[in-house]
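A quick write-up on the structure given underneath.
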Amino acid sequence: MIDNKLHAFHQSLLLDKQIQSYKYSKNSFAQYLAYLKNHYNFANPKYYTPAYSRQISLVFNIAIRPILQHAIFNKDIELYAFIDHYLFSSYICPFEDLEWFECAFWDVNTYGYLLAQSIASDKSSSCITNTSPSRRILIVFKGMFKLAHSIVISDFLEGLSGAQAANVDVLLLDSNVSLRTHANVISFASLNSVSKKISSYLSLTSNNKYYNIIWAAAVQNLMLYMGLQMASKQTYWTMKRHSIVHPSITHYASVVSGHRCSTFNGAFWYGGRYRLNASAPKRTKHEILKSLSSLHQKLLTESTVVLGSFARPQKYISIEYWEGIRSILMKHSNSCFIYGTMELPSSIRTFIDNDPFLKQRSINFGWLSGKTSEMCSLIDIYLDNIPFASGLTASQCVFSGGVYLGTDSPINKEASFQNILYDAFEFSRGKKIDMNDEDKLLKLGISKSFPRTLQVADWLINDHDARKTIASNQLLLLRNMHQIGELHFSTDYYSYFMS
C-alpha cells in the first residue's frame, strides 16, 4: 500500500504541468516553492521527519534538481545561493540528527563545488597550490553574529595572545559588529548580493594568500566559497560534527563534544578544551519579574517553582515532553512552566491550547533576542527537551542558581548541554563519566529515560535541599570547565589551525 502511494506520488510529480513549464528564475522561485509546498508538502513543517524522506527526495529530484543544474550551467550564483539557503532552513536546520542531515542535504554541496570551480577557472585565481610562507589564517563567519557559534568565535579571539591575534583575520560575510579583539575584522555585510561577496572574497584571499581558511559553522553556500579553494588548508569548525566531508576540506574541528577527538564519516575531528564563558544576568530575579506583565507576575510569584526550557520550535515536537510537563503541573499546584520559542508545530499548539493546565500555567515568551539569560534566571528546574536537547541556553539557568534535568538521548548530543556537563566532569575529574552509573548521572542531573527525569523533577520540587545540592554540583563543574578552558581553549585551537 505504501509503495503504491509512493508510485502515485511519483507519477503526479512527473505529470505536473506547473513543474514541467516552470521557467528558471530567482525572481519567480519563491512562488514556485509555495506551489510545491501546497501541492506536495515540500518544506512543510508537518513532514520534517526522516519517515517522509522518500517523498521529499522525489520532489527534490524532479522539481528542484533541474533548477540546480540550470544554475550551474548558466553560472547563476544568486539562484544557486537562494536554493541552498532554502533547503538549509527547510530541512537541514530543523531536524538535528546526523543521519537525517546526511539524507536531507542530498548533493547540494556538490553543485556548489562545481559552480565554485567554474568561477575560479574563469577568474584564473584558484590558489590550491599556494606555497606562500604566510602564516596568516582567516576565520569566516556566515549569518548574523548572534547564534551560539558567535560566542565561540568571540571567546576564541579574546583568548588569543597579541602575537597570535596579529596572524588572524576574521571575515563576517553577513554581519557588521564590533568585536573585542586585536585580530583584523572585515565585513561584507554592505554588499547586497552573493555575487559581489564572492568577488570580494576572491580579492581578499588572493591578496593575502592565507595559510588556513576556517569556516565557523557555515552550512549555507559552504561549497560556493570553500570550493574556490583559496588556501591549501581549509577547516570546517562547528559545534556539531555534521556529514559535510569533502576533498576541499583538509581539517575538521568540533566544539563542546564529549567525543573529544574522533573519526566520523572517515574524517578526523579535532576537539580542544572548551571555555564556557557564561554568567548570571546583571538584573536580579526580583527586578526581572517586576518588568513583566501583571498577568505573568501573578503566575511567577516568588513562591512558585518555575520549570522551563528555551529552544528553537523544532525541539518542541515531542508530545511525550508536553504530556510530562502536564503531569508535573497537575501534581504541583505551586508550579508553572515557561519557555521561549517561535511558532510551535500546529499539533503541539493545539495540545497546549486544549489542556487547561498547560494553557493556564505555562508561558511562551516567544523569540527572546538578547533576553534569554534573564528568562533562564527565572527557572528553578530546567526540564530539557526530548529527544533534542538544549545547548548553551541551559547553562544560563545553572549560572543563576537553577538546576538542570536532562534525558540521555542518542541524537543531537554534539552541542547539547548534556555533553557540556560530561565534558565538565571529564575536565574536573580527569576521566569520562560511566554512562551505566545512574547515581553519578543523577548528580549531573541526567537520567536514562524521560519518565525517570519526570520522577526526579517531582522529587526536586518537594525537596529544596536536594535541588540545591545538584545545582551546586553543576555550577562547580561549569566554573571549573571555564577556568580550564580559559587557559587552554584559544591555544588548543590556534595550534590545530596552524598545524
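Which of the residues spanning segment 398-423 are hydrophobic (A, V, I, L, M, F, W, C), modelled with pLDDT under 90 and part of a loop (DSSP other than H, G, I, E, B)?
Narrowing segment 398-423 to residues hydrophobic (A, V, I, L, M, F, W, C): 398-399, 403, 405, 411, 415, 417, 420-421.
Then drop every residue that is not modelled with pLDDT under 90, which leaves 411, 415, 417, 420-421.
Answer for segment 398-423, where residues must be hydrophobic (A, V, I, L, M, F, W, C), modelled with pLDDT under 90 and part of a loop (DSSP other than H, G, I, E, B): Ile411, Ala415.
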**Message:** For Tyr252, only one of the following conditions fails: (1) surrounded by fewer than 17 Cβ atoms within 10 Å (Cβ to Cβ); (2) under 30 Å from Gln229 (Cβ atoms); (3) at pLDDT 80 or above. What is its number?
**Reply:** (1)
**Prompt:** Under the condition of being part of a helix (DSSP H, G or I) and of a type in the set (Lys, Arg), which residue from segment 1-38 is farthest from Tyr86 (Cα to Cα)?
**Reply:** Lys5
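Table: residues versus (1) modelled with pLDDT of 85 or more; (2) within 27 Å of His464 (Cβ to Cβ); (3) hydroxyl-bearing (Ser, Thr, Tyr).
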| site | (1), (2), (3) |
| --- | --- |
| Ile352 | yes, no, no |
| Pro356 | yes, no, no |
| Thr372 | no, yes, yes |
| Asp380 | yes, yes, no |
| Leu383 | yes, yes, no |
| Phe388 | no, no, no |
| Gly391 | no, no, no |
| Gln396 | yes, yes, no |
**Asked** Are any of the residues in segment 288-307 free of Cβ contacts under 8 Å to residues at least 60 places away in the same chain, touching a strand residue (DSSP E or B) at 6+ places or on another chain (Cβ under 9 Å) and at positive phi?
**Response** no
**Item:** Output for segment 401-410, where each listed residue is among the hydroxyl-bearing types (Ser, Thr, Tyr) and surrounded by fewer than 22 Cβ atoms within 10 Å (Cβ to Cβ)
**Value:** Ser409
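So, in segment 453-466, exactly how many residues are within 22 Å of Leu392 (Cβ to Cβ) and either assigned by TED's automatic domain parsing to the domain that holds Leu157 or more than 26 Å from the chain's Cα centre (by Cα) (or both)? Give the steps one after another, and end with the answer.
Here is the first cut: in segment 453-466, the residues within 22 Å of Leu392 (Cβ to Cβ) are 453, 457.
Subset that is either assigned by TED's automatic domain parsing to the domain that holds Leu157 or more than 26 Å from the chain's Cα centre (by Cα) (or both): 457.
Counting residues in segment 453-466 that are within 22 Å of Leu392 (Cβ to Cβ) and either assigned by TED's automatic domain parsing to the domain that holds Leu157 or more than 26 Å from the chain's Cα centre (by Cα) (or both) gives 1.
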**Prompt:** Do you know which residues across segment 348-387 are among the hydroxyl-bearing types (Ser, Thr, Tyr) and free of Cβ contacts under 8 Å to residues at least 40 places away in the same chain?
**Reply:** Thr350, Ser362
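Look at segment 170-186 and say how many of its residues are in a strand (DSSP E or B) and not aliphatic (A, V, I, L, M). First the steps, then the outcome.
Applying the first criterion (in a strand (DSSP E or B)) to segment 170-186 yields 170-172, 184-186.
Going one step further and asking which of them are not aliphatic (A, V, I, L, M), we end up with 184.
Going through segment 170-186 one residue at a time, the tally reaches 1.
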**Request:** Scan (1) part of a helix (DSSP H, G or I); (2) within 21 Å of the chain's Cα centre (by Cα); (3) farther than 21 Å from Ile325 by Cβ for the single condition Glu426 breaks and write down its number.
**Result:** (2)
**Request:** Determine whether segment 481-497 contains at least one residue that is free of Cβ contacts under 8 Å to residues at least 60 places away in the same chain and under 30 Å from His332 (Cα atoms).
**Result:** no
**Prompt:** For segment 43-79, which residues satisfy the criterion of being within 27 Å of Pro387 (Cα to Cα), assigned to a loop (DSSP other than H, G, I, E, B) and in contact (Cβ under 8 Å) with a residue 24 or more places away in the chain?
**Reply:** Ala43, Tyr48, Thr49
**Request:** Could you tell me whether any residue of segment 441-462 is touching a strand residue (DSSP E or B) at 6+ places or on another chain (Cβ under 7 Å) and part of a loop (DSSP other than H, G, I, E, B)?
**Result:** yes
**Asked** Across segment 407-432, which residue is farthest from Gly391 (Cα to Cα) among those that are touching a Leu at 6+ places or on another chain (Cβ under 7 Å) and either outside the structural domain of Gly324 (by TED's automatic domain parsing) or of a type in the set (A, V, I, L, M, F, W, C) (or both)?
**Response** Phe425
**Item:** Residue in segment 22-55 that is modelled with the lowest pLDDT, counting only those that are closer than 24 Å to Lys5 by Cβ and of a type in the set (S, T, N, Q)
**Value:** Thr49
**Item:** Selected residue (criterion: modelled with the lowest pLDDT) from residues of segment 122-181 that are surrounded by 13 or more Cβ atoms within 10 Å (Cβ to Cβ) and of a type in the set (D, E, K, R)
**Value:** Lys123
**Complete:** Of (1) within 19 Å of Tyr111 (Cα to Cα); (2) surrounded by fewer than 17 Cβ atoms within 10 Å (Cβ to Cβ), Asn221 satisfies every one except (2)
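Kindly state which strands (runs of 3 or more DSSP E) lie completely within segment 278-390 and contain at least 1 residues that are surrounded by 17 or more Cβ atoms within 10 Å (Cβ to Cβ) and aromatic (Phe, Trp, Tyr). Steps first, please.
Numbers: elements: 305-310, 335-340, 362-364, 381-383.
In segment 278-390, 305-310, 335-340, 381-383 are the strands (runs of 3 or more DSSP E) which contain 1 or more residues that are surrounded by 17 or more Cβ atoms within 10 Å (Cβ to Cβ) and aromatic (Phe, Trp, Tyr).
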**Prompt:** Restricting the search to segment 260-277, which residues are among the hydroxyl-bearing types (Ser, Thr, Tyr) and part of a strand (DSSP E or B)?
**Reply:** Ser262, Thr263, Tyr270
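From the list Ile244, Ile213, pick out the single residue that is β-branched (Val, Ile, Thr), touching a residue at least 60 places away in the same chain (Cβ under 8 Å) and surrounded by fewer than 23 Cβ atoms within 10 Å (Cβ to Cβ).
Within the list Ile244, Ile213, the selection yields Ile244.
The values are calculated or read from the model by the stated rules, or taken from the named source; none is laboratory data. Predicted model only: the values in this text are computed from it and were never measured. Cβ: placed from backbone, ideal geometry, glycine included. Neighbour counts: every protein chain shown.
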